[in-house]
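A quick write-up on the structure given underneath.
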Amino acid sequence: VNISLYESPIKVNAGSDTILFFTNEYILNGHYENPDNIKDVVTLWEMHTGTGVMNSSQTNLTELFDAANTGILVTWTVSKGVCTNIIDTVNIELREIFTPTGFTPNGDGINDYLKFHGLENAVENELIIYNRWGVEVYRMTNYSNDIAWDGKNKSGNELPEDTYYYLLTVTDEEGSSETHKGFVVIKRF
């Protein structure tokens, strides 16, 4: 009679909780140590709050959606034979930044500035605005809605009514950066 003894996996870690800007995709990256090679370890990722799609390898999350705005909770179960399952979790928070497609810097106190709703969630950012010919007309590092763009160029002159294009790069607490691209229309009614 042969008796095989094996140990439960150790140092199980599903990964760090994270905040995602401008994206609804995330790669799950769990780690564990198997103290012996007698029995294989089986892992399973499951979403408990929020919705999303997992690919066949069950490590990539795509099309994440958090309708309740409470975060997405993903659990990772690590199993080995008759050992007690070990479960760890990852919390994913989606922080989208809403950008209006136009503003009216005409001095009436209504919609006079370009404001990015949700920008306060970024640790740092940089906004660059171009005219339709690709000429940079405005740049600000650590752009703030408190001192937002008023439709003037770098020299302080009012820009004409037109469509302008922006690149907004935001950096999160972990140092990851995402760039959001779009357009904004200036109208002076």
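Read the figures in this text as sums done on the coordinates, not as results from a lab. Every value quoted in this text rests on a predicted model; they were computed, and no experiment measured them. In this analysis, Cβ positions are derived from the backbone assuming ideal geometry, glycine residues included, and neighbour counts consider all displayed protein chains.
Structural remarks
- Loop sites in region 94-189: GluC sites (Glu not before Pro), DSSP, at most 16 other Cβ within 10 Å: 96, 161, 173, 174
- If you run the Gaussian network model on the chain, springs between alpha carbon atoms under 10 Å, then out of 50, 81, 118 the most flexible one is 81.
- Calculated Cα Rg over 2.2 N^0.38 Å (choose from (i) 0.96; (ii) 1.48; (iii) 1.15), label: (ii)
- With N counted as the residues of region 1-41, its alpha-carbon radius of gyration over 2.2 N^0.38 Å works out to 1.84.
- Spatially near lysine pairs across the chain, Cα under 28 Å, sequence gap of 8 or more or different chains: 11
- P(r) of region 88-166 over all Cα-Cα pairs, binned every 5 Å from zero, in whole percent: 3, 13, 23, 24, 16, 9, 4, 3, 2, 2, 1, 0
- Cleavage-rule hits (chymotrypsin sites (Phe, Trp or Tyr not before Pro)) in region 76-115: DSSP loop, at most 15 neighbouring Cβ within 10 angstrom: 113
- Listed values for region 32-40 are Karplus-derived 3J(HN,Hα) couplings in whole Hz (6.51 cos²θ - 1.76 cosθ + 1.60, θ = phi - 60°), namely 8, 10, 9, x, 8, 10, 6, 10, 6, and x replaces Gly and Pro.
- Note on the chain: with charges restricted to the Cβ of Lys and Arg (+1) and Asp and Glu (-1), its dipole about the Cα centre is near 360 debye.
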